[in-house]
Amino acid sequence: MSKMISASRSQPARNGSALRESNAVKALLIGTALTFLALFLFLPLVIVFMEALQRGLTTYLEAITEPDALSAMRLTLLVAAIVVPINVIVGIAGSWTIARFDFRGKNLLVSLIDLPFSVSPVIAGLIYVLLFGAQGYFGPWLREHGIEIIFALPGIVLATMFVTFPFVARELIPHMETLGSTDEEAALTLGASPWQTFFKITLPNVKWSLLYGVLLCNARAMGEFGAVAVVSGKIRGVTTTLPLQVEILYNEYMGTAAFAVASLLAFLALITLAAKTILEWHYAKEIAAMRHNS
Amino acid sequence: MSMLVKTGFRQPSILPGFGLSFGVIITALSLVVLLPLAALFLKAASAGPSEIIAIASSPRTLAALRLSFGAAFIAAIVSSIFGLLIAWVLVRYDFPGHRFVDAAVDLPFALPTAVAGIALTALWAGNGWLGTWPAQYGIKIAYTPAGVVVALIFVSLPFVVRSVQPVLADAQQDVEEAAALLGASRLRAVFGVILPNVWPALLTGFTLAFARAIGEYGSVIFIAGNIPMVSEVAPLLIVIRLEQFDYAGAAIVAALMLIASFVLLICINTVQSWSRRKLGYV
């Protein structure tokens with residue numbers, strides 16, 4: 001496919017109005033697209049930093065080093081550090097199952113893995129409250145045994161796992177399907193053990209799309225709001241993640257502090273975008289292959 | 001592949017690890033996704049038919065569902081139009097900052113929704129940079145259903161751009177040349193030859209955008225104003241019911257949302273496969 005594209009691109013387009021838009025139309029289209037992007041994407045990002053810094057750098061630094069903000073930061077990092085590795089293992093298992101074997105109900109399994117994408121984050125939180133909350137199905141049993149899930153770390157981890165469940169598998173499956181299994185078959189035939197084959201062949205082959213999936217999974221895990229808001233109970237300094245801290249400050253009319261904490265998350269988003277772009281530039285071929293099949 | 005005789009559950013393979021990987025994914029999927037979702041429907045059903053009907057047909061529930069689905073639909077349409085335009089501009093034209101703009105399209109994927117919510121509210125409030133301008137004509141955006149639509153456009157835009165972009169990039173320019181040689185005007189070539197090929201991808205993008213927007217909560221609650229019956233979205237109603245410890249009420253609204261969005265997605269997928277068949281792809 002890529003050959004065909006480059007072939008058609010290399011042909012000089014004829015200089016007729018029937019093949020191109022006139023310069024005026026072109027300028028109008030570019031202008032409209034860029035204006036729309038500026039209003040809907042660029043300005044929201046700019047205003048986060050403007051509002052955060054409006055009372056000066058000292059106020060800003062105080063807002064982000066305040067104890068509640070620091071504990072929110074720690075919790076956010078902790079949740080991501082638990083959720084991302086689990087989802088990586090589960091995602092690899094899912095894509096190995098789907099991209100390497102043929103079995104009945106495979107399409108159903110693919111749809112089920114994607115299911116969390118079409119479930120509201122609030123519902124993702126609600127389901128765990130219904131199971132593990134005080135009045136939930138397992139609530140009384142959990143209370144007897146002194147186990148806290150809702151309004152505690154395990155609930156936040158579960159809700160975050162739900163919303164980020166598809167990310168890794170989604171990037172890996174098309175890539176593994178494109179690669180095919182000949183490399184792995186060769187390794188096995190030459191006497192490599194299954195785990196050797198996995199760590200020396202499969203993993204290096206799919207590393208870029210795996211990294212891509214990890215990046216997206218991590219961004220969502222750190223930024224998740226709706227699902228976490230429902231299960232966290234928003235106990236200040238204990239179960240508030242950074243996005244929840246933003247909401248608490250905002251609702252207390254501490255606008256500047258809210259935007260200061262928000263700017264940390266916006267900064268994370270910028271790093272994510274930069275890393276994503278770098279991955280796409282350097283490994284354009286492999287990523288294009290997997291995008292194309294997704 | 002079709003030569004192999006299907007024996008039982010899966011086709012034989014020399015690759016190892018089916019049992020382990022299948023076990024891991026099914027266990028995780030069941031524990032994290034399927035069983036909890038089943039608990040939701042169980043809880044909703046446990047309320048009994050009369051209560052289910054009472055909650056499902058209450059004006060507040062209906063208003064919230066109407067707003068969530070309606071605003072999501074409008075936002076997905078706006079995102080589809082501008083998303084198609086942005087994809088076209090990114091694929092076909094070169095301009096300064098092209099790479100930067102291309103990367104920036106993914107911002108809503110990366111920016112946490114709560115951050116987007118407070119930023120959009122600050123922008124579109126009556127005294128905000130963008131809100132002052134409609135405010136002169138007495139139009140309020142923030143704290144009205146229009147604000148909900150603005151937030152949903154933000155979260156749904158990249159789904160359309162990223163669905164359409166690869167298809168536009170792959171489109172063979174020789175069909176355009178053929179159209180031109182046969183005497184079609186540029187406008188006719190674009191609308192008669194290029195866009196029909198993009199249609200399935202655009203519909204995919206619309207579906208993803210719509211599905212995401214229906215359930216959106218974080219970016220919406222800051223800008224919506226959250227007035228019951230007017231600007232209260234369905235996910236917020238679920239949170240309110242939950243805060244009142246009305247678990248059954250929350251579960252019923254949630255189950256209604258899930259059922260409605262799955263029915264819609266199935267309908268859109270049917271149109272999708274129909275239009276793909278009609279256009280000759282499988």
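The values are calculated or read from the model by the stated rules, or taken from the named source; none is laboratory data. Remember, it's a predicted structure, so these values are computed and weren't measured experimentally. Positions of Cβ are backbone-derived with ideal geometry, glycine not excepted, and every protein chain shown enters the neighbour counts. These accessible areas exclude ligands, DNA and RNA; they are computed on the full protein's heavy atoms, side chains included. Shrake-Rupley method; radii C 1.70, N 1.55, O 1.52, S 1.80 Å.
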Note to self: When the residues of the range B:158-209 are narrowed to those that are of a type in the set (S, T, N, Q) and within 20 Å of B:ILE81 (Cβ to Cβ), which ends up surrounded by the fewest Cβ atoms within 10 Å (Cβ to Cβ)?
What the structure shows: B:ASN197
Checklist line | Index of the failed condition, A:TYR253 passing every other in (1) open to solvent by 20 Å² or more (accessible area, probe 1.4 Å); (2) assigned to a helix (DSSP H, G or I); (3) at pLDDT below 95 | finding: (2)
Next item on the list: Looking only at the range B:21-35, decide whether some residue is touching a residue at least 40 places away in the same chain (Cβ under 8 Å) and either within 9 Å of chain A (Cβ to nearest Cβ) or not in a helix (DSSP H, G or I) (or both).
Entry: no
Check: What single numbered condition from (1) more than 8 Å from chain A (Cβ to nearest Cβ); (2) open to solvent by 10 Å² or more (accessible area, probe 1.4 Å); (3) polar (S, T, N, Q) fails to hold for B:THR113?
Finding: (1)
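Applying the selection to the range A:54-76, what residues are in contact (Cβ under 8 Å) with a residue 60 or more places away in the chain, part of a helix (DSSP H, G or I) and surrounded by fewer than 21 Cβ atoms within 10 Å (Cβ to Cβ)? I'd like the intermediate steps shown before the answer.
Initially, the range A:54-76 is screened for residues in contact (Cβ under 8 Å) with a residue 60 or more places away in the chain, giving A:54-55, A:59-60, A:63-64, A:66-69, A:71-73, A:75-76.
Add one more test, that the residue is part of a helix (DSSP H, G or I), and what stays is A:59-60, A:63-64, A:67-69, A:71-73, A:75-76.
Result: A:THR59, A:TYR60, A:ILE64, A:PRO67, A:ASP68, A:SER71, A:MET73.
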Margin query: Residue under question is B:ILE268, and the condition is that it be touching a residue at least 40 places away in the same chain (Cβ under 8 Å) and either under 30 Å from A:TYR137 (Cβ atoms) or within 8 Å of another protein chain (Cβ to nearest Cβ) (or both); does it hold?
Written below: no
Note to self: Filter the range A:156-207 down to the residues that are open to solvent by 10 Å² or more (accessible area, probe 1.4 Å), of a type in the set (Val, Ile, Thr) and closer than 24 Å to A:SER111 by Cβ and list them by number.
What the structure shows: A:ILE173, A:THR178
Notebook entry, point to check: Applying the selection to the range A:111-138, what residues are more than 8 Å from chain B (Cβ to nearest Cβ) and buried (at least 18 other Cβ atoms within 10 Å of the Cβ)?
Noted result: A:ALA124, A:GLY125, A:PHE132
